[in-house]
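> Got a structure here, written out as structure tokens. Questions coming.
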Amino acid sequence: MAVPKKKTSKMRRRMRRSHQAITKSCLARCSHCNAAIPAHRICHNCGHYAGKAVVEVGEA
Ligand SMILES: [Zn+2]
């Protein structure tokens, strides 16, 4: 089994992990009700997509 020859230093480990930050998901606004929704998704609040009612949102 392959074994690392040298211990990975704190500096090397931190340099490697500098690329692992998670990015914030950017939210768009619904054109109908102005709720924050992910882009290219049907609005969960009013069921609209691209200015048209696509899905019925029930109150039950
Ligand atoms: Zn909406």
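The values are calculated or read from the model by the stated rules, or taken from the named source; none is laboratory data. Remember, it's a predicted structure, so these values are computed and weren't measured experimentally. Glycine also receives a Cβ, built like all others from the backbone with ideal geometry; neighbour counts cover every protein chain displayed. Side chains are part of the model used for accessible areas, which takes the heavy atoms of the whole protein and leaves out ligands, DNA and RNA. Shrake-Rupley method; radii C 1.70, N 1.55, O 1.52, S 1.80 Å.
> Determine if the stretch 46-55 includes at least one residue that is without any contact (Cβ under 8 Å) to a residue 12 or more places away in the chain and within 16 Å of the chain's Cα centre (by Cα).
The answer is no; no qualifying residue exists.
> When you scan the stretch 12-26, do you find a residue that is surrounded by 10 or more Cβ atoms within 10 Å (Cβ to Cβ) and within 16 Å of the ligand (Cβ to nearest atom), even just one?
no
> Give the residues of the stretch 42-53 that are surrounded by 11 or more Cβ atoms within 10 Å (Cβ to Cβ) and not small (Gly, Ala, Ser), sorted by residue number.
Ile42, Cys43, His44, Asn45, Cys46, His48, Tyr49
> Kindly indicate whether any position in the stretch 45-57 is modelled with pLDDT of 90 or more, more than 11 Å from the ligand (Cβ to nearest atom) and not aliphatic (A, V, I, L, M).
no
> Also: If I go through the stretch 32-41 residue by residue, how many of them are near the ligand (Cβ under 10 Å from one of its atoms) and open to solvent by 100 Å² or more (accessible area, probe 1.4 Å)?
Adding up the residues that qualify gives 1.
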